[in-house]
Amino acid sequence: MSMDILSMTLGELTEEFSAMNIPKFRAKQVYEWLHKHLASDYEEMTNLPKVLREQLSEKFPLFNCSVAKKQVSKLDGTVKYLFEMHDGDFVESVVMKYKYGYTICVSSQVGCKMGCAFCASTLGGFKRSLMPGEILSQLYTAQKDLGERISHIVLMGMGEPLDNYDNVMRFLELITDEKGLNLSMRNISLSTCGIVPKIRELLDKHMQLTLSISLHAPSDELRSRIMPINKRYPVDELLKVCRKYASETSRRISFEYAMLSGVNDSDECASLLASKLKGMLCHVNLIPVNEVAESPFKPSSRETVERFVEILGKNGVNATVRRKLGSDIDASCGQLRQKENKNRKKGVE
Ligand code: SAH
């Protein structure tokens, strides 16, 4: 398949148009319709001649996602979308409201290959990677649906963004393009389970992107048990590249740590974690694990979490407990798609 039009840069679109003998300024118009005005149909592009709109819709069908399901949390207004892609695949996005504005959590793949033991995205298996336009479309569709400007992005939905590296890089290029929505790279976080060579590549780009690392355990013995990727890229190798990333970009790294009761929440774990992170420009986000129906893990108690924070703090490592948003709407990654797939199998709507 040739690339879909929403995934093209303005340069590429201009080239495509010139091969079709369409004047150059039309490429800019279409690009702005798509990326600034968030048009999802050529009919909306009212300053294009009708024949051109018809020609374009035939040559470049628009693959926007559509809202298959929407749940709004009664507790905090968090909105969870189940989006249907043009080929019938489902992905999830979550929009959260913070003091500084709206943040969207987008998916980068349909399913995931990484196999983390506590994560629902892994359960349905891996289907495919998303095109850049399909990642953009989650934000565009949500922004239009909500009627609110979304200013922050976290690549923390379904999938491993660094396992879809080229498409994710192009997504970042398009979303930060001043001719499009022009989001600040500083407002974007990318979360990875730790694919070290790709983190190195990212480092070479010297972007102002915030890096989040799903660490979840301070030792190889423990981390390999819950995160298979650790067998390829062990903790110390991962932390070494993180240290380099933080010092070379001066961007603070976030370490995600899901608290699993009786598994990774001991005092020893906290001390070991602190000793490994000491002196790094970083922050630890502790998240009481979200319970997933098929998984055996239970969230650590409040006291245990507080104790963990205290030990990290005493040892000079900054940590906070992440506020749990949308807990009444299955707002943790992969849960909704999993339900939807099951329901469809059973024939339930
Ligand atoms: N693949 C990427 C991004 C997607 S997961 C990554 O691994 O970072 C987004 C975050 O949610 C990761 O930190 C992941 O480890 C965490 N996560 C997954 N399942 C969870 C659960 N059941 N409870 C709490 N956090 C979870």
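The values are calculated or read from the model by the stated rules, or taken from the named source; none is laboratory data. The structure displayed is predicted, hence computed values, not measured ones. Neighbour counts run over all protein chains shown; Cβ positions are idealised from the backbone, glycine included. Note: areas computed on protein heavy atoms with side chains; ligands, DNA, RNA excluded. Shrake-Rupley method; radii C 1.70, N 1.55, O 1.52, S 1.80 Å.
For the stretch 294-322, which residues satisfy the criterion of being touching a residue at least 12 places away in the same chain (Cβ under 8 Å), assigned to a loop (DSSP other than H, G, I, E, B) and farther than 19 Å from residue 251 by Cα?
Result: 294, 295, 297, 298, 300, 301, 315, 322.
Name the residue, out of 286, 281, that is at pLDDT 95 or above and under 21 Å from residue 157 (Cα atoms).
On the way: 281 fails: under 21 Å from residue 157 (Cα atoms).
Only one candidate passes the filter, namely 286.
Does residue 67 meet the test of being assigned to a strand (DSSP E or B) and closer than 20 Å to residue 165 by Cβ? Spell out the reasoning first.
On the way: assigned to a strand (DSSP E or B): yes; closer than 20 Å to residue 165 by Cβ: no.
No: the conditions fail for residue 67.
Identify the single condition in (1) in a loop (DSSP other than H, G, I, E, B); (2) farther than 30 Å from residue 264 by Cβ; (3) not hydrophobic (A, V, I, L, M, F, W, C) that residue 54 does not satisfy, given that it satisfies every other one.
Exception for residue 54: condition (1).
Can you name every residue in the stretch 138-156 that is within 16 Å of the ligand (Cβ to nearest atom), open to solvent by 30 Å² or more (accessible area, probe 1.4 Å) and not aliphatic (A, V, I, L, M)? Walk me through how you get there before you give the answer.
Narrowing the stretch 138-156 to residues within 16 Å of the ligand (Cβ to nearest atom): 138, 152-156.
Keeping just the survivors that are open to solvent by 30 Å² or more (accessible area, probe 1.4 Å) gives 152, 156.
152 - this is the single residue of the stretch 138-156 that is within 16 Å of the ligand (Cβ to nearest atom), open to solvent by 30 Å² or more (accessible area, probe 1.4 Å) and not aliphatic (A, V, I, L, M).
With respect to residue 19, determine if the residue is touching a helix residue (DSSP H, G or I) at 6+ places or on another chain (Cβ under 6 Å) and at pLDDT 95 or above. It would help to see each step written out before you state the result.
On the way: touching a helix residue (DSSP H, G or I) at 6+ places or on another chain (Cβ under 6 Å): no; at pLDDT 95 or above: yes.
No, not satisfied.
Of the residues that make up the stretch 122-137, is at least one open to solvent by 30 Å² or more (accessible area, probe 1.4 Å), within 13 Å of the ligand (Cβ to nearest atom), outside any strand (DSSP E or B) and not aliphatic (A, V, I, L, M)? It would help to see each step written out before you state the result.
So the first thing to find is which residues in the stretch 122-137 are open to solvent by 30 Å² or more (accessible area, probe 1.4 Å), and the list is 122-124, 126-129, 131.
Those still in the list that are within 13 Å of the ligand (Cβ to nearest atom) too: 122-123, 126, 129.
If we keep only those that are outside any strand (DSSP E or B) as well, we get 122-123, 126.
When the remaining residues are screened for being not aliphatic (A, V, I, L, M), the result is 122, 126.
Yes, there is a match, as at least one residue in the stretch 122-137 is open to solvent by 30 Å² or more (accessible area, probe 1.4 Å), within 13 Å of the ligand (Cβ to nearest atom), outside any strand (DSSP E or B) and not aliphatic (A, V, I, L, M).
Please list, ordered by residue number, the helices (runs of 4 or more DSSP H) wholly in the stretch 177-290 having 1 or more residues that are away from the ligand (no atom under 12 Å from the Cβ), open to solvent by less than 10 Å² (accessible area, probe 1.4 Å) and touching a Phe, Trp or Tyr at 6+ places or on another chain (Cβ under 9 Å).
Numbers: elements: 196-205, 220-226, 235-249, 267-277.
Hits in the stretch 177-290: 196-205, 235-249, 267-277.
Could you grab the pairs with beta carbons closer than 6 Å, sequence gap of 6+ or different chains, first residue in the stretch 145-172 and in contact (Cβ under 8 Å) with a residue 60 or more places away in the chain, second one within 11 Å of the ligand (Cβ to nearest atom) and open to solvent by 40 Å² or more (accessible area, probe 1.4 Å)?
157/333; 158/333
Would you check which residues across the stretch 29-51 are of a type in the set (A, V, I, L, M) and not in a helix (DSSP H, G or I) and list them?
Here is the first cut: in the stretch 29-51, the ones of a type in the set (A, V, I, L, M) are 30, 34, 38-39, 45, 48, 51.
Matches in the stretch 29-51: 38, 39, 45, 48.
Could you please find all residues in the stretch 1-28 being assigned to a helix (DSSP H, G or I) and small (Gly, Ala, Ser)?
Across the stretch 1-28, the qualifying residues are 7, 11, 18, 19, 27.
Restricting to the stretch 157-176, give me the number of residues that are away from the ligand (no atom under 13 Å from the Cβ) and open to solvent by 10 Å² or more (accessible area, probe 1.4 Å). Quick ask: steps written out before the conclusion?
Filtering the stretch 157-176 down to residues away from the ligand (no atom under 13 Å from the Cβ) leaves 166-167, 169-176.
Within this subset, residues satisfying the condition of being open to solvent by 10 Å² or more (accessible area, probe 1.4 Å) are 166-167, 169-170, 173, 176.
Here the count works out to 6.
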